[in-house]
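Novice: This is the structure I have questions about; it appears just below.
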Amino acid sequence: MAAPLPPDPARFAAALAAFDAANAEDPNPDADATGRAWPKEVLYAARMSACLARVAPDAPEAVQLAARCQHIRRWAIPRTDFPLDRPGYHQWRNTLKKYHAELAGQLLAQVGYGPETITRVQQLVQKLRLKDDPDVQLLEDVICLVFLEYYFLPFAAQHPEEKVIDIVQKTWPKMTARGHALALQLPFTPEALALVGKALA
């Protein structure tokens, strides 16, 4: 089922195009399932939109926009700019959230969105009131599903098993029961499924 058309399809399409154009400047390549290379954040954004359309085809327009700009120009604020400890990690993540929200707001204003939609998208991108806002929780489910489907195995290949298990154990509580059910239906390899099983045991 296709996502519902927004009130102004041309404006919505212009917003997605603006997000994609910003992400197309990503110098880091990533390959899709066919082996085709993309700018990393263009591919991530496309995966976010596709996952949202699959699990919540009636998602509000603001959620569709937030999914597409979740990591907008993420490479511009590298992890190495912050202390390589846990407080530094949280500082980096919080800085990124504000940056993504501000940039998304600028691009949405340029294509004609008003303050109400811009503020809503910024709330979603920053994941404010995660457990109290169903739309934020939906976006979080999609973020977790995209990570588990596309980025979990590459992450696991680069880190010790105990860290991988820890990541799954931290990811799982962020998701809803429906998110859990959808995650367990993902086409995991036996290796990935074994790691998930250990984490949830």
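The values are calculated or read from the model by the stated rules, or taken from the named source; none is laboratory data. This one's a predicted model, so the numbers in the text were calculated from it and none came from an experiment. Quick reminder, even Gly has a Cβ in these numbers, built from the backbone with ideal geometry, and neighbours come from all protein chains shown. These accessible areas exclude ligands, DNA and RNA; they are computed on the full protein's heavy atoms, side chains included. Shrake-Rupley method; radii C 1.70, N 1.55, O 1.52, S 1.80 Å.
Novice: R73 - would you say it is buried (at least 17 other Cβ atoms within 10 Å of the Cβ), in contact with a Leu (Cβ under 7 Å, 6 or more places away or on another chain) and not small (G, A, S)?
Specialist: Here the answer is yes, as R73 does meet what is asked.
Novice: Do we find that G112 is in contact with a helix residue (DSSP H, G or I) (Cβ under 6 Å, 6 or more places away or on another chain), over 21 Å from A50 (Cα atoms) and open to solvent by 40 Å² or more (accessible area, probe 1.4 Å) in this structure?
Specialist: Spelling it out, G112 is indeed in contact with a helix residue (DSSP H, G or I) (Cβ under 6 Å, 6 or more places away or on another chain), over 21 Å from A50 (Cα atoms) and open to solvent by 40 Å² or more (accessible area, probe 1.4 Å).
Novice: Could you please let me know if K170 is of a type outside the set (D, E) and touching a helix residue (DSSP H, G or I) at 6+ places or on another chain (Cβ under 9 Å)?
Specialist: In short, no.
Novice: Turning to a different aspect of this structure: Could you please give the count of residues in segment 178-201 that are part of a helix (DSSP H, G or I), farther than 18 Å from P160 by Cβ and not small (G, A, S)?
Specialist: The total comes to 7.
Novice: Answer yes or no as to whether D166 is crowded, with 16+ Cβ neighbours inside 10 Å and of a type in the set (D, E).
Specialist: It is false that D166 is crowded, with 16+ Cβ neighbours inside 10 Å and of a type in the set (D, E).
Novice: With in a helix (DSSP H, G or I) and over 17 Å from the mean Cα position of the chain (by Cα) as the only criterion, which of E149, E162 stands out?
Specialist: E162
Novice: Would you pick out the residues in segment 47-70 that are aliphatic (A, V, I, L, M) and either in contact (Cβ under 8 Å) with a residue 12 or more places away in the chain or open to solvent by less than 40 Å² (accessible area, probe 1.4 Å) (or both)?
Specialist: M48, L52, A53, V55, A56, A59, A62, V63, L65, A66, A67
Novice: List the number of the failed condition for D30; all other conditions in (1) touching a Leu at 6+ places or on another chain (Cβ under 6 Å); (2) in a helix (DSSP H, G or I) hold.
Specialist: The number of the failed condition is (2).
Novice: How many residues does segment 77-98 contain that are surrounded by 15 or more Cβ atoms within 10 Å (Cβ to Cβ) and either modelled with pLDDT under 95 or in a helix (DSSP H, G or I) (or both)?
Specialist: Selection size over segment 77-98: 3.
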